[in-house]
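First up is the structure itself, then whatever we jot down about it.
Readers should treat all values here as calculations from the given coordinates under stated rules, not as data from a laboratory. This is a predicted model, so every value here is computed, not measured.
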Amino acid sequence: MAHIHYFPVSVGHAGLYAALLVALLLLQIGLLRRAYSALGLNPVVATLVLLASLLGSSINLPLLRLPEERVVSQEVVEVLGVPFLAPVVVDWHGTILAINVGGAVIPILLSFYLLLRYDLWGSGALAAAIVAFVVHWLATPVPGVGISVPTLAPPLLAAGVALLLSRRFAAPLAYIGGSLGVLIGADLLNLGSLRSLGAPVASIGGAGTFDGIFLTGVIAVLLASLVSN
């Protein structure tokens, strides 16, 4: 049956398409670096933050173990059309509550850095509270995975709130409100329902919310910086 597997185009065309894919990837990285530059980070630091967030998304730091109810494993769960694979578990007793490095630790540290640098404690808390309220209303518990939120709603909301509060500091406010708002509204305010989801690992800022948190920070800052400039 090996004859049915072949490239549909010539080697030259395949190389050209590969180059286009690399160019698209570099364009995406350029947009992300612009987003972090709007926060006052130089390109090197912005790149390191981006890489750390992506690489850190696979690292979960355990916090505590929740009492056992029903654990889901070796299942593919679809959330808004996106498949998530529940962790494979053998002889597991209870759910481990963890915090994701790329989706929670790094966004929290960067948010507090921005709060300190620009002295945005009042407006930052208000932005995070508004986003958290709406995200909590939109959040959906998904058995075997955790808490899921729509990907594009938080960044649009965070950017709008940031621009209303301060056009001068719209970029850092968008990041603070978007990142902390999603973590609080989606994960922290739903800790009480995690036991009933049957997830072997419930990760704050991990599965179900990492893409929302990562894209919220990036898209919100891009929108805010483009409008305010």
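Derived scalar couplings between HN and Hα for segment 53-64 equal 5, 5, 5, x, 5, 8, 10, 10, 9, x, 10, 7 Hz in order, rounded to whole Hz, by the Karplus curve 6.51 cos²θ - 1.76 cosθ + 1.60 (θ = phi - 60°), x for Gly and Pro.
How far, in nm, would the chain grow between Leu138 and Ser37 when pulled straight, counting 0.36 nm per residue and subtracting the alpha carbon separation? Spell out each step's value before the answer.
Working: separation 101, 0.36 × 101 = 36.36 nm, distance 2.99 nm.
Going from the current span to full extension adds 33.4 nm.
Annotation: extensible slack from Ile29 through Leu55 equals 7.9 nm (criterion: 0.36 nm per residue apart, minus Cα-Cα distance).
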